[in-house]
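Peer 1: Next up is a structure, given as structure tokens.
Nothing in this text is a laboratory measurement; each read-out follows from the coordinates by a stated rule. Just so it is clear, the structure is predicted and the values come from calculations on it, not from any experiment. FYI the Cβ positions are ideal-geometry reconstructions off the backbone, even for glycines, and counts take in every protein chain you see.
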Amino acid sequence: MIKYIIRRLVNYVIMLFVAISMTYFLASAFMDPRSNYMSRNPRPPEASIDRSLDLANINDKTPVLVRYFNWLKGIVTEWNWGLSPDQEPVAPAVASRISSSVQLVAISTVLSIIIGVSLGVYTAIRQYKWQDRALNAVSTLFLVTPAAVLGLLIVLGTIAINNATGTRIFYVTGLHSYEGGNIGLAILDFLQHIILPTIVLVCIGYVNYHLTQRTYLLDTMNADYVRTARAKGLTLNQAIRKHALRTSLIPTTTNIAFSIASIFTGAVITETVFAINGLGRYFVTTIQDNDINGAVCIAAFSGVCTLAGALLADILAAWLDPRIRLN
Amino acid sequence: MTEPMNTVAAAPANGEQPVLEVRDLRVNFASEAGTVRAVRGVNFDLYRGKTLGIVGESGSGKSVTSMAIMGLLDKNAHVEGSIKFRGDELLTKNDKEMSVLRGDRIAMVFQDPLSALTPVFSIGEQLKEALVIHNPKMTEEQIVSRSIELLKLVGIPNAEERLKSYPHQFSGGMRQRVVIAMAIANNPDIIICDEPTTALDVTIQAQVLEVLQRAQQETGAAVIFITHDLGVIAGIADDIIVMYAGRPVEKADVDTVFHKPVMPYTMGLLGAVPRPDREKSSRLVPIPGAPMNLVNMPKGCPFAPRCPLATDICRQGEPDLLPVEGREGQLAACHRVKEIVDQNLTFSDIYTVGESVKSKFDGIPREQRQTVLDVKHLKKTFPLTAGGFLRRKIGEVHAVDDVTLDVREGETVALVGESGSGKSTTLLEIMEFRQPESGEISVLGKPIAKRMSREDKRELHSNVQYIFQDPMSSLDPRLPIYDILAEPLKVQGLSKQEINDRIRDLMALVELNPDQVDRFPTQFSGGQRQRIAIARALAVNPKLVLLDEPVSALDVSIQAGVINLLEDLQNKLGVAYLFVAHNLSVIRHISNRIAVMYLGRIVELGSNHDVFEEPLHPYTKALLSAVPVPDPQIERTRQRIVLEGELPSPSESFSGCPFAGRCPMFSTLTKDQQARCLGESPELVAKGGAADHMAACHFA
Amino acid sequence: MSDMATEEKDLGLNQDVATEGTPAAVVVNPVSQGGDAQDLKRTGRMTLYVRRFMRRPSAVFGLVVLCILILFALFGAMVCPWKYDEPDFTALAAAPSADHWLGTTIGGSDMYAMIVRGLGRSLLVGIISSTLIMIISAVLGTAIAFFEGVVEKVGMWILDMLLTIPSFLLVAMIVRSSSGTSGWLWLTIGITAFGWIGYARVIRTLTMSLRELDYIRAAKFMGVGSFRIILRHLVPNLGSVLIINTVLGVVSAVNQETALSFLGLGIKAPDTSLGTLLMNGQSSVLTAPWILLFPSAVLILLTFSVQLIGDGLRDAIDPYSRSAGKAE
């Protein structure tokens, strides 16, 4: 088991290395940090631009391979992921934003899973009844609605509510604004901030769990072994709950593990709409600022998350499914 | 046909009350094409300790009937009539009320043991559930001891340990035993078996049938045994209902049905099956046509379009199932039953037995015919990987282990064996047209070499063709028949005109209407599709056709027609067949030579007569004795050699005879002899009378 | 990345392919085996598909809405006196009126004209990239699966590797540098370049079960060439899945376009798209909500109608499909 995991890890490290390198070359080819300076008014002298770019190891006059090896050397020797065009180290910038993202995403992911899986089970058992049709229609609507539209409409609605009640019930920007020392008020303040982006993320996130869990359960509901269970004397509902549900939750569990990957990039739009300083927003900034090192660092981070999720999914599947389980 | 009197097949004299009374049961399903009338009036009574066999082809409504009794039909099924269990009406009960009876009083064994058990629960948990749901007060100790008792009863060794195992760690036969154990857990009054052995090999089938009979004796339950296999039913049933197009068409005790059937369909069904216990005497007689579509059924007797005796009355109205005059307890649904009984018409009077075509090679002894396929010491191994998670190689499977055989012009060589014996792998290995891992394959004297020119490959393709088991999947559903048949011809580079002409001839050759070449495979019935597959294989005039279970996916009444066609084509064209089948009856009928395979090796090789009449190898003997014969008298009297245990894991390697562990002869041998069996691998050598009758056994 | 976990998910699809296509015609069993009188009532495959599709009110609704939207994108500009790139400086952020039917943006551009233009862009990007994605993934996915062995191993490793980095990041990088006029083209290229990978994986899994089917083996045994087998047997038998995925792919492409443009990384002025309009609307939620509301409504109509069509198609072509439990 351990040996197996190590082998898979080695493979993942190689995969990650190739993928990140590819991202580095793509970023270097398509992003133009020089233009940041060229558009300044007054335009700085070329020598000073070159000096700044050289400091961050993003000067397009240096051959890309040389830059790549410098960059690689920095990571391997000092865990230095490079500087932004403004000479800010990117790795600490990424690290400092992880906490905001986790706060935002953790709550909504848990809620999404609970709501989505429950709805999936609920609708699968009522296949083609009106509850199923209605909930599916709602989920389809959320499935197709762009996150930006959903976020902005909720902001619009909230402002209307705030105006109507004359108080600020919900905040539409940031995660905190309370500065005092009262824990209770601080929590309330946090909730007032987090609730709207959470609603958006849950609306977007639960749909997938709902629709896939419904499919998985419908698949297993017609399985022969459910029929066997009924022949033993279980009622249809008992047989579904005990036999079909358990089996149908296995793929869902691996889906959840996979979703770790999307946690940090899935909230880009939401973070932008609600002005939350998380990883997603940082990513947008790096792109806008032609921050090659920053963008690659983010890509690397989400790559690690993806592969961690994949590994976790495998382990979970093996743990839950005796057919895969090790003897 | 609603009077209860008529429905009694064989009421016991002592006036015992039936446990189950089914009256005028009707089941309809809604479907895309219209209402499917799956069951159209079934009546029967079931008595304790008796076995009622329900026989029919696919779509005859036999399984739907059983599911209706269990209350397990889909929601879109519409059920009418009455099913009474000990006087208690079942059809008005809801799921919850039915669940009290299910598994406790009425139990069921399903067809496919591989999918019948929940993969994520251990055997013990699943058995426990069956017990606890009806006996909530059972203590943990009682449950365990009862579970072990049940597993022992159905013949699972090491029952204590096996309780912790998961279904995937069991073979199909073992899983079916577990399902049976769950079914008898609460000593039910009725056990419904829906094709319980169809998915199993014949030696395993014999074991499972034995377990079922033992279970019936233990519980005294009434059994409903549903099957399409007349051989199995002959041995196990007391009374038989023959179903056709959703209705019983004949009902009687087992001997009467087999020896004095009156309904032409029953006769046809019995006549269409080849017999494993008799040498081939004549052609098989297929029932013409195909089973009725259950949507928009025409009026009249549903069998009328296929019945040689059909007259205008038959096409006017559907006959009721009525007692046959002068026959005790026999009922039949046929307008012409009186004539049949009065004139004592039998199968051969009603159906016309066709003349077979004379073979091109008739009279030429085998030695003088050209060898089309020569296989020498063929080996094929697969790496064995463990589980899905730990994908590492843990061993090798010797799928084909040192197989040597030859096929000559115009003859049929059959490879027989149970699943895992390597018979299909042998065919696929030949068809790969590449140098085998080890050994040599020659076609028409030319060995298959590592590198072959395009021209040589093309020639190989024109000489050797392949026919698959399931015509449903071997024809591309997106292509019309014309394109399907044209494909091998295009490979051979024929011109458009040549292809056109050839396809017309081919359609005629397999007795299909050439005007139908624009249709798609889905528009044909199973038998017709297999004819198309045969036509495709013969399109390029091959010298050798490899057939992998070509009739096992077909209904019995259709099978005979395809077998006849294969015979005729062989005789007309002189093509040789290498035929793989697990059905020994079919093999007995069609083949000239037989190779019996066990764990990748040929254990016996000889002519049809020698292998069936004077089998040498103990495995062959056991195999032959396990084949059910469609004759109740023979079934009752004959002694079966039931093999112990299962096929060993194919990854095991043996220094001696691989069969030694299951060999019934092994225990009769002396210590020294046993040591030889375990230590020395037997060679395939000529034994017995004929020079070409060989067996791989030290003491055969 | 993880074979196992995703394989599990794809299983549903596999079986569909095997059964798919079988029930297309109503088979009435012929009277005689060799029968010339096979007088059967045939229902053509297409007729059946159309009938099944039309039976779903939601699918028909989707089709009607989409047709209206397409007509609107094509000809909507003709009835409007304003052009999307000619702002009316006398009416900045004006509310809807007789003059400007849907109001104007902060810069004075007519919302009606902008939406017509934006809808056209969204449709163009969505349809082109989805079609390209499906072509690329069909060819590569089937080829990877069909050739098995080393090709498959290497191919899968590359696919998994490419999937490691979220495609959204990569697309954003590429599109970032594009100019206003060529923005939509780069967006299409970007979405296509990184969008095919996941689909190729799905199609490879589907092909894996197809390649074990007897008719594929039969073709091999008859000596039919590999390329021919892929094009003649594999791709057509994946056809229904490909069509459905192409339609549903439009939704995700439109969504990606919207997201990128909304972040200011996609289509930029002077060109416009629905996402760009949303970005503009965001800053004036309170003062000029129409800038946000109208493009939002159009976007939802667009994606929802396409999704309904896709679901309808799936039910019509693949009635036994359990692939992805989308609406109803």
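Peer 1: With the cut-off at 1.5 for a/c, could you classify chain A from its C-alpha gyration tensor as rounded, prolate or oblate?
Peer 2: In terms of gyration-tensor shape, oblate.
Peer 1: If you don't mind, another one. Which cross-chain or sequence-distant (5 or more) residues have an amide H under 5 Å from the amide H of B:Gly81, H modelled 1.01 Å from N in plane?
Peer 2: The answer is B:Arg26.
Peer 1: Just name one of C:Gly76, C:Val235, C:Leu159: the one whose Cα is farthest towards the positive end of the charge dipole of region C:48-317 (beta-carbon charges, Lys/Arg +1, Asp/Glu -1).
Peer 2: Comparing the listed Cα positions along the dipole, C:Val235 ranks first.
Peer 1: Which pairs in the list B:Lys84/B:Lys164; B:Lys376/B:Lys490; B:Lys379/B:Lys446; B:Lys423/B:Lys671 are over 30 Å apart, alpha-carbon to alpha-carbon?
Peer 2: Correct reply: B:Lys84/B:Lys164; B:Lys376/B:Lys490; B:Lys423/B:Lys671.
Peer 1: Could you tell me the calculated FRET efficiency between B:Leu345 and B:Arg638, based on Cβ-Cβ distance and R0 = 30 angstrom, to the nearest 0.05?
Peer 2: It comes to 0.55.
Peer 1: How do the peptides B:673-680, C:238-245 rank, highest first, by the average count of neighbouring beta carbon atoms within 10 Å per residue?
Peer 2: C:238-245, B:673-680
Peer 1: Right, something else. Once both axes come from the Cα atoms, what is the angle between helix A:90-125 and the longest principal axis of chain A, in degrees from 0 to 90, rounded to 10?
Peer 2: 20
Peer 1: A further question on this structure: Hey, quick one: spin label on B:Ala449, modelled 7 Å out along Cα-Cβ, who in region B:358-374 has an amide N within reach, i.e. under 19 Å?
Peer 2: Answer for region B:358-374: B:374.
Peer 1: Run the dipole for chain A about the Cα centre, Lys and Arg Cβ at +1, Asp and Glu Cβ at -1, nothing else charged, and hand back the magnitude in debye, nearest 20.
Peer 2: The dipole of chain A has a size of about 1560 debye.
Peer 1: Averaged across C:153-166, how many Cβ atoms of other chains sit within 10 Å of each residue's Cβ atom?
Peer 2: Whole-number average of other-chain Cβ neighbours for C:153-166 is 6.
Peer 1: Right, something else. Once the other residues with Cβ under 12 Å from the Cβ of A:Asn290 are scored (Lys, Arg +1; Asp, Glu -1), what is the net sum?
Peer 2: That works out to -3.
Peer 1: Among the aspartates and glutamates, which fall within straight-line cross-link reach of C:Lys220, defined as a Cα-Cα distance under 17 Å, with same-chain neighbours fewer than 8 residues apart omitted?
Peer 2: B:Glu429, B:Glu432, B:Glu455, B:Asp456, B:Glu459, B:Asp470, B:Asp476, B:Asp483, B:Glu487, B:Asp548, C:Glu148, C:Glu212
Peer 1: On a 0 to 90 degree scale, rounded to 10, what angle separates helix A:183-221 from the longest Cα axis of chain A?
Peer 2: It is inclined by approximately 60 degrees.
Peer 1: Taking amide H positions as placed in the peptide plane 1.01 Å from N, state which residues far from B:Met597 in sequence (5 or more) or on other chains have amide H under 5 Å from it.
Peer 2: Result for B:Met597 returns B:Val416, B:Gly417, B:Val603.
Peer 1: Using the Cβ atoms and a cut-off under 11 Å, what net charge is assigned to the surroundings of A:Tyr225, where Lys and Arg are +1 and Asp and Glu are -1?
Peer 2: Overall, the nearby charge balance is +4.
Peer 1: May I ask which residue of B:Leu131, B:Ala116, B:Met182 lies farthest towards the positive end of the charge dipole of region B:116-185, with charges of +1 (Lys, Arg) and -1 (Asp, Glu) on Cβ and the Cα centre as origin?
Peer 2: The residue sitting farthest along the positive end of the dipole is B:Ala116.
Peer 1: Separate question: For a quick protection proxy, order the peptides A:306-312, A:25-31 by their average other-Cβ count within 10 Å, most packed first.
Peer 2: Working: A:306-312: 21.7, A:25-31: 20.0.
Descending mean neighbour count gives A:306-312, A:25-31.
Peer 1: What's the extension gain from B:Thr198 to B:Asp406 if we count 0.36 nm per residue and subtract their Cα-Cα distance?
Peer 2: Here the segment from B:Thr198 to B:Asp406 would lengthen by 71.7 nm.
Peer 1: If you don't mind, another one. For every helix of n ≥ 4 consecutive DSSP H residues, a contribution of -39,500 (n - 2.57) applies; sum these over chain B, divide by its total residues, and give [θ] at 222 nm rounded to the nearest 500 deg cm²/dmol.
Peer 2: -9500 deg cm²/dmol
Peer 1: Additional query: Extending each Cα 7 Å along its Cβ direction at B:Val100 and B:Phe654, get the distance between those two points in nm, one decimal.
Peer 2: About 5.4 nm, to one decimal.
Peer 1: Residue by residue through B:514-523, how many Cβ atoms from other chains fall within 10 Å of the Cβ on average?
Peer 2: The per-residue average across the peptide is 4.
Peer 1: Per q in 0.19 Å⁻¹, report the Debye log10 I(q)/I(0) for region B:67-198, using one uniform scatterer on each alpha carbon and no solvent.
Peer 2: Calculated log10 I(q)/I(0) at the listed q: -1.10.
Peer 1: May I ask you to evaluate 6.51 cos²θ - 1.76 cosθ + 1.60, the Karplus curve with θ = phi - 60°, for each residue of region A:309-324 and list the ³J(HN,Hα) values in order in whole Hz, giving x for glycine and proline?
Peer 2: x, 4, 5, 4, 4, 4, 5, 4, 4, 5, 6, 8, 10, x, 5, 9
Peer 1: A follow-up question, please. Below 21 Å, Cα to Cα, which lysines can C:Lys268 reach? Residues fewer than 8 away in the same chain don't count.
Peer 2: Straight-distance partners of C:Lys268: C:Lys83.
Peer 1: State the number of lysine pairs found in chain A whose Cα atoms come within less than 29 Å, restricting to pairs 8 or more positions apart or on distinct chains. Each step should come with its number before you reach the end.
Peer 2: Working: A:Lys61/A:Lys73; A:Lys129/A:Lys232; A:Lys129/A:Lys242; A:Lys232/A:Lys242.
Summing the qualifying lysine pairs gives 4.
Peer 1: Using a Förster distance of 35 Å, how high is the FRET efficiency between B:Asn500 and C:Trp157, based on the Cβ-Cβ distance and rounded to 0.05?
Peer 2: 0.15
Peer 1: Quick check for me: using +1 on Lys/Arg Cβ and -1 on Asp/Glu Cβ, what's the dipole size of region B:116-185 about its Cα centre, in debye to the nearest 20? Let's see the in-between values first.
Peer 2: Working: 8 positive and 7 negative charges, 37 e Å.
Using Cβ point charges on Lys, Arg, Asp and Glu, region B:116-185 gives about 180 debye.
Peer 1: For the charge dipole of chain B, defined by +1 on Lys and Arg C-beta atoms and -1 on Asp and Glu C-beta atoms about the Cα centroid, which residue among B:His335, B:Ile241, B:His78 has the Cα displaced farthest towards the positive pole?
Peer 2: B:His78
Peer 1: Let a ≥ b ≥ c be the square roots of the eigenvalues of the Cα gyration tensor of the protein assembly as shown; is it rounded (a/c under 1.5), or, if not, prolate (a/b larger than b/c) or oblate? Display every interim value, and only then the final one.
Peer 2: On the way: a/c = 1.95, a/b = 1.74, b/c = 1.12.
Prolate, because a/c is 1.5 or more and a/b exceeds b/c.
Peer 1: Straight distance only, please: which lysines reach the Cα of B:Lys260 with their own Cα at less than 19 Å, same-chain residues fewer than 8 apart left out?
Peer 2: B:Lys251, B:Lys338
Peer 1: If you count the DSSP beta bridges with both ends in the protein assembly as shown, what percent of them are antiparallel, to the nearest 5?
Peer 2: About 60 percent, rounded to the nearest 5.
Peer 1: Something else about it: Across the residues of B:468-480, average count of Cβ atoms on other protein chains within 10 Å? The partial results should precede the final answer.
Peer 2: Working: counts 6, 1, 2, 2, 5, 9, 8, 3, 12, 12, 11, 5, 0.
Taking all residues of B:468-480 together, the mean is 6.
Peer 1: Hey, rough spin-label estimate for B:Leu428 and A:Val138, points 7 angstrom out along Cα→Cβ, what's it come to in nanometres?
Peer 2: Placing both labels 7 Å along Cα→Cβ, they lie 4.9 nm apart.
Peer 1: If you don't mind, another one. Classify chain B as rounded, prolate or oblate, taking a ≥ b ≥ c as the square roots of the eigenvalues of its Cα gyration tensor: rounded when a/c is under 1.5, otherwise prolate if a/b is larger than b/c and oblate if not.
Peer 2: oblate
Peer 1: Using the Cα centre as the reference, give the magnitude of the dipole from point charges on the C-beta atoms of chain B (Lys, Arg: +1; Asp, Glu: -1; all else neutral), rounded to the nearest 20 debye.
Peer 2: 1120
Peer 1: Taking the Cβ of B:Gln370 as the center, what net charge do the other residues with Cβ under 14 Å away carry, scoring Lys and Arg +1 and Asp and Glu -1? If you can, show how the numbers build up before the last one.
Peer 2: Numbers: positive: B:Lys360, B:Arg366, B:Arg369, B:Arg408, B:Lys446, B:Lys543; negative: B:Glu367, B:Asp374, B:Asp406, B:Glu409, B:Glu411.
Around B:Gln370, the charge tally is +1.
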